[in-house]
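The values are calculated or read from the model by the stated rules, or taken from the named source; none is laboratory data. Not measured: the values here are computed from a predicted model. With ideal geometry, Cβ positions are generated from the backbone for all residues, glycine too; neighbour counts draw on all protein chains shown.
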Amino acid sequence: MPVEHPLSAQMFGDDFHFGVAISAAQNEGAILEDGRSHSVWDVFSRKKTATRKGAGPYPACDFYHRYKEDLLLVKALGFNSFRFSISWSRILPDGSGKANPAGIAYYNDVINECLRLGLTPFVTIYHWDLPQVLQQEGGWVSPLINRWFRHFARICAKAFGDRVKNWLILNEPAAFTTLGYLVGKHAPGKRSLDAYLKSVQHAVLAQSEGAAMIRAQVPGARIGTTFSCSEVIPFSSREEDLAAASRVDLLMNRIFIEPLLGMGFPEDDRGLMEKMNRRNLTWKHAEKMQFGMDFIGLQNYFPVVIKHNPFIPLVQASPVKASDRKVPHTSLGWEINPGAFKNIIRRFSQYDGIKELMITENGAAFKDSLNRGRVQDDARIAYYRDHLTALLQLKQEGMNITGYFAWTLMDNFEWAEGYEARFGLVHVDHATQVRTIKDSGYWWRAFLEYQGKGQHAVRI
Ligand code: BGC
């Protein structure tokens, strides 16, 4: 397929990590095989109307059985790195206690295959799939969650740390606490302010304690964690919209990174934290919440435009839809705005104490169609081209950005959106598991072709 490339991977420097990111629950399937127990998503997705068309994380992409073929695709597209997560309930079917040898063996195989292909593995310890047995004990609300998480992190470090040097502790804590415990759209489907606030406290501790565990167990580890982030744009310059935008900004962008950087929880937000504090929350353990990460992973998809809305509890704010604003958007209604991508990365880069940034997820869902073996996804190509161009400009300004991971390798289980939202560079027919590289996948291959270090993409 003809692909033009004024932009190339080489412009980012020889040591830049270009990868794709996936997660266990969204790709593996095989939910009860080889000793794995149910995760919260297996159970939550069975509830009526929890997910689109009642879809669940089975069969997903059957990555559990097809990882060799899928890693070969990653290599063939020219990537040099691969980010994936470890399923807690595959490693520890009881949530805690003894590790499942079959679970360890599976991830050993995936890691070894990455290394054999010359792909640097980036391992995310927790990407939202808590074992259901731990949910029954309260999940992220339980005061025991931090002990359980340290144990899980320790097992992963001991099992894989001899070969895995790049670690990510949590995937987007703001997303799994807000959507899972406050809004109820994600597993475990809770809607409670108290549960949400407790889950936030515990997740903040998990990121620093998990990192300390990896530091103690894995010599030479490079440790990071990921944050979702979005530029928050006030709908108008009216004081109430400005204040609403600042509250949303706190909850979306600041509440996890600031304690990690030793700044404590943000307090300068026009009353929001006071309100949260009045709910009997003691934001203690300030020193325990801090950790000197080697890098910070940012995940950005869209900006939000925020308006004051007195009817929404806590934040008293709501987003104005991209379609109502008549701006370009993806099939999920997410605004496409590479300038906003640049702005939010620039903003994070201004925090003291961040040594290095990586974009650990960025990508777009569109209504793809497979016609005679081809998916012409020009909009996705434009999305990647424009976001990579923006990233290159930031790098040229001198920002220490060392990696970019496209979300995602292949169309997978997109949480509450089921299989409807397609984010992949590779199309998957989930009934037959047939993979078809989309035009965007070929675009990436051309972009990555001459990648420095003498690496050339394998011909497909
Ligand atoms: C998550 C992914 C998800 C993607 C697109 C990120 O928030 O880490 O698991 O598929 O966004 O929604």
For segment 52-70, pairs from a residue that is of a type in the set (A, V, I, L, M) to a residue that is assigned to a helix (DSSP H, G or I), with Cβ under 6 Å and 6 or more apart or across chains, are 60/27
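Quickly run through segment 341-370 and pick out the residues that are part of a loop (DSSP other than H, G, I, E, B), free of Cβ contacts under 8 Å to residues at least 60 places away in the same chain, more than 23 Å from residue 409 (Cα to Cα) and of a type in the set (Ser, Thr, Tyr). Reasoning before the result, please.
Initial filter on segment 341-370 (part of a loop (DSSP other than H, G, I, E, B)): 350-356, 362-369.
The next check asks that each one be free of Cβ contacts under 8 Å to residues at least 60 places away in the same chain; those that pass are 350, 365-367, 369.
Restricting the remaining residues to those that are more than 23 Å from residue 409 (Cα to Cα) gives 350.
Across segment 341-370, there are no qualifying residues.
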Go through segment 35-94 and tell me which helices (runs of 4 or more DSSP H), entirely inside it, have 3 or more residues that are under 18 Å from residue 132 (Cα atoms).
-> 40-44, 88-91
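Based on what the data block shows, is residue 394 more than 27 Å from residue 179 (Cβ to Cβ), in contact (Cβ under 8 Å) with a residue 60 or more places away in the chain, hydrophobic (A, V, I, L, M, F, W, C) and more than 15 Å from the ligand (Cβ to nearest atom)?
Working: more than 27 Å from residue 179 (Cβ to Cβ): yes; in contact (Cβ under 8 Å) with a residue 60 or more places away in the chain: no; hydrophobic (A, V, I, L, M, F, W, C): yes; more than 15 Å from the ligand (Cβ to nearest atom): yes.
No, not satisfied.
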Among the numbered criteria (1) closer than 21 Å to residue 334 by Cβ; (2) within 16 Å of the ligand (Cβ to nearest atom), which single criterion is violated by residue 233?
-> (2)
Restricting segment 101-158 to residues that are touching a strand residue (DSSP E or B) at 6+ places or on another chain (Cβ under 9 Å) and of a type in the set (Ser, Thr, Tyr), the one farthest from residue 26 (Cα to Cα) turns out to be 120
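In the set 220, 184, 210, which member is within 28 Å of residue 316 (Cβ to Cβ) and modelled with pLDDT of 95 or more? Full working, then the answer.
Numbers: 220 fails: within 28 Å of residue 316 (Cβ to Cβ); 210 fails: within 28 Å of residue 316 (Cβ to Cβ).
Going through 220, 184, 210 in turn, just one is within 28 Å of residue 316 (Cβ to Cβ) and modelled with pLDDT of 95 or more: 184.
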Whichever residue in segment 114-141 is touching a residue at least 60 places away in the same chain (Cβ under 8 Å) and in a loop (DSSP other than H, G, I, E, B) and, among such residues, is surrounded by the most Cβ atoms within 10 Å (Cβ to Cβ) | 129
Please tell me if residue 93 is out of contact with any helix residue (DSSP H, G or I) (no Cβ under 9 Å at 6 or more places or on another chain), touching a residue at least 12 places away in the same chain (Cβ under 8 Å) and not aliphatic (A, V, I, L, M).
-> no
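Condition check ((1) within 16 Å of the ligand (Cβ to nearest atom); (2) of a type in the set (A, V, I, L, M, F, W, C); (3) closer than 19 Å to residue 62 by Cβ; (4) in contact with a Leu (Cβ under 9 Å, 6 or more places away or on another chain)) across all residues:
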residue	(1), (2), (3), (4)
409	yes, yes, yes, yes
413	yes, yes, yes, no
416	yes, yes, no, yes
424	yes, no, yes, yes
428	yes, yes, yes, no
433	no, no, yes, no
437	no, yes, yes, yes
443	no, yes, no, yes
Qualifying positions in segment 324-340 - closer than 10 Å to residue 301 by Cα and part of a helix (DSSP H, G or I) = 338, 340
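Condition check: surrounded by 21 or more Cβ atoms within 10 Å (Cβ to Cβ), more than 20 Å from the chain's Cα centre (by Cα) and modelled with pLDDT of 95 or more. Does residue 364 satisfy that?
Numbers: surrounded by 21 or more Cβ atoms within 10 Å (Cβ to Cβ): yes; more than 20 Å from the chain's Cα centre (by Cα): no; modelled with pLDDT of 95 or more: yes.
In short, no.
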Residue by residue through segment 324-366, note down the ones that are closer than 30 Å to residue 223 by Cβ, away from the ligand (no atom under 14 Å from the Cβ) and among the polar types (S, T, N, Q).
-> 343, 349, 350
